[in-house]
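Engineer: Attaching a single structure in structure tokens format; questions to follow.
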Amino acid sequence: MPDTPHIVSDVMTYPVVAVRRDTRFKDIVRALAEGNVSAVPVVEADRRVVGVVSEADLLPKEEFRDRDLTRAEQLRRSSDLAKAGAVTAEEVMSVPAIMVRQDFTLAQAARIMAVEHVRRLPVVDDEGRLRAIVSRGDLLKVFLRPDEDIEEEVRRTVVSYLFPALSHTIHVSAHDGIVTLRGQVHDPSLAWVAERLVRAVEGVVDVEARLSGEEAASDRAGDA
């Protein structure tokens, strides 16, 4: 079967830029700029994550700086108005913090980012203490995996698993993450299974399964 999928601890980034509840607004902006990040976790003294401050949380202060809102707008955007008046991380942070653990798969982390519309996730241990950060860019690192490594894993965990008697006759090649399978197999209906398993290999961009049945190959030879 295919190898265990890569997990968050394989790609996460550290050390982490973080702030405390009482960190002042200007210092939060400075932390974002100096860390070249779009969001920072807010932590307690024991490093437990209690919230996250993103650029979106800070922007209302500039947006409402010189605006007079109608009563309807004030009611509709009460949360943003509260953040516009904030002076500490505790007042402006988003809660609860959306987090992942180190043992989450990259697919799980990517799904959470997509559903929650966030670009970065704090990585915490079982007690909720901050360990690292995983970003969209971190999740894409798997696509930098060398083609040779991808080929080796496909041969070992897909071809040998599905076609143990014919694995030496099936050619596997990868170029820029696109994997091609060529060869003759006893059961060509397994081609789609092979394609699905190859797509599950970390770093694979696309798959071309060119696997034909032995009978079809014999018929072509006879016609010739």
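Engineer: When you go through 74, 108, 102 one by one, which is the residue that is among the polar types (S, T, N, Q) and in contact with a helix residue (DSSP H, G or I) (Cβ under 6 Å, 6 or more places away or on another chain)? Spell out the reasoning first.
Structural biologist: Numbers: 74 fails: in contact with a helix residue (DSSP H, G or I) (Cβ under 6 Å, 6 or more places away or on another chain); 108 fails: in contact with a helix residue (DSSP H, G or I) (Cβ under 6 Å, 6 or more places away or on another chain).
Residue meeting the stated conditions: 102.
Engineer: Where residues in region 22-54 are acidic (Asp, Glu) and over 16 Å from residue 122 (Cβ atoms), which of them is surrounded by the most Cβ atoms within 10 Å (Cβ to Cβ)? Steps first, answer last, please.
Structural biologist: To start, the set of residues in region 22-54 that are acidic (Asp, Glu) comprises 22, 27, 34, 44, 46.
From what's left, over 16 Å from residue 122 (Cβ atoms): 22, 27, 34.
Values: 22: 12, 27: 14, 34: 9.
Out of the qualifying residues, it is 27.
Engineer: Take residue 70 and decide whether it is at pLDDT 95 or above and polar (S, T, N, Q). Quick ask: steps written out before the conclusion?
Structural biologist: Numbers: at pLDDT 95 or above: no; polar (S, T, N, Q): yes.
Criteria not met by residue 70.
Engineer: So if I check each of 145, 156, 136, which one is in contact with a helix residue (DSSP H, G or I) (Cβ under 7 Å, 6 or more places away or on another chain) and either modelled with pLDDT under 95 or not assigned by TED's automatic domain parsing to the domain that holds residue 12 (or both)?
Structural biologist: Details: 145 fails: in contact with a helix residue (DSSP H, G or I) (Cβ under 7 Å, 6 or more places away or on another chain); 156 fails: in contact with a helix residue (DSSP H, G or I) (Cβ under 7 Å, 6 or more places away or on another chain).
Checking each option against the conditions leaves just 136.
Engineer: Please go through region 181-199 and pick out each residue that is outside any helix (DSSP H, G or I), surrounded by fewer than 16 Cβ atoms within 10 Å (Cβ to Cβ) and not acidic (Asp, Glu).
Structural biologist: Let us first name the residues in region 181-199 that are outside any helix (DSSP H, G or I), namely 181-187.
From the residues that got through so far, the ones that are surrounded by fewer than 16 Cβ atoms within 10 Å (Cβ to Cβ) too are 182, 186-187.
182, 186, listed by residue number.
To keep it simple, each residue is scored yes or no on (1) in contact (Cβ under 8 Å) with a residue 24 or more places away in the chain; (2) polar (S, T, N, Q); (3) closer than 30 Å to residue 100 by Cβ.
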{"site": "154", "(1), (2), (3)": "yes, no, yes"}
{"site": "157", "(1), (2), (3)": "yes, yes, yes"}
{"site": "165", "(1), (2), (3)": "no, no, no"}
{"site": "171", "(1), (2), (3)": "no, no, no"}
{"site": "181", "(1), (2), (3)": "yes, no, no"}
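Engineer: Kindly establish whether residue 174 is surrounded by fewer than 20 Cβ atoms within 10 Å (Cβ to Cβ) and either among the small types (Gly, Ala, Ser) or under 20 Å from the mean Cα position of the chain (by Cα) (or both).
Structural biologist: Numbers: surrounded by fewer than 20 Cβ atoms within 10 Å (Cβ to Cβ): no; either among the small types (Gly, Ala, Ser) or under 20 Å from the mean Cα position of the chain (by Cα) (or both): yes.
Considered against the rule, which asks whether it is surrounded by fewer than 20 Cβ atoms within 10 Å (Cβ to Cβ) and either among the small types (Gly, Ala, Ser) or under 20 Å from the mean Cα position of the chain (by Cα) (or both), residue 174 comes out as no.
Engineer: Restricted to region 132-161, and to residues that are out of contact with any strand residue (DSSP E or B) (no Cβ under 8 Å at 6 or more places or on another chain) and among the aliphatic types (A, V, I, L, M), which residue is surrounded by the fewest Cβ atoms within 10 Å (Cβ to Cβ)?
Structural biologist: 144
The values are calculated or read from the model by the stated rules, or taken from the named source; none is laboratory data. Since this is a predicted model, take the numbers as computed values, not measurements. Neighbour counts are summed over all protein chains in view; Cβ atoms, including those assigned to glycine, are modelled from backbone coordinates with ideal geometry.
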